[in-house]
Amino acid sequence: MFSSSLLLQILACAIYSNWWPMLSALMYVLVPMPCMFFGGGSTEYLLSRDGGGWIDAVKFLTGASAVGSIAIPIILRHAHLISTGAMLIEFMSFFIFVGTVMCFHLANLEDEW
């Protein structure tokens, strides 16, 4: 699933001969960074209601990065830097990527195999 998400990301650029949509790929790299730096690589606390200084900061930075992944193609389309087709392919890529991350998260929560 992750590979198909990246393939759609590259196709959104290659089909329309415009590499501006790759800017949203930067957000795919930034989304897990707060969890890796401040959460020790664990994602269990993202779904909890527990708070605290660093936990709230991680939740905010992760949410801001996720919103940026959706907002960048919209902003690029509004500025007429990409076409509508490239924006829609970017959205499909994003939702496949989110599905991949959710499947990975659920698989990691299961302790018994």
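Odds and ends about this structure:
- Solvent-accessible area, 1.4 Å probe, carbon plus sulfur percent, for the chain: 73 percent
- The mean accessible area for residues of the chain, using a 1.4 Å probe and ignoring ligands and nucleic acids, is 64 Å² per residue.
- Charge dipole (the chain, unit charges on Cβ, about Cα centre) - positive-most of N108, I82, L23: I82
- Of every Cα-Cα pair in the chain, the percent that sits beyond 24 Å: 33 percent
- Cα-centred dipole magnitude for the chain, charges only on beta-carbon of K, R (+1) and D, E (-1), debye, nearest 20: 500 debye
- Principal-axis analysis of the Cα atoms of the chain puts helix 84-109 at an angle of about 20° to the longest axis.
- Mean ellipticity per residue at 222 nm, deg cm²/dmol - from DSSP H runs of n ≥ 4 across the chain, formula -39500 (n - 2.57): -23000 deg cm²/dmol
- Percentage relative contact order, the chain, counting C-alpha pairs under 8 Å, at least six apart: 41 percent
The values are calculated or read from the model by the stated rules, or taken from the named source; none is laboratory data. The structure presented is a predicted model; accordingly, all values stated were derived computationally and were not measured. Ideal geometry is used to build each Cβ from the backbone, glycine not excepted, and the neighbour counts take in all protein chains shown. For accessibility, only protein heavy atoms count, side chains too; no ligands or nucleic acids. Shrake-Rupley method; radii C 1.70, N 1.55, O 1.52, S 1.80 Å.
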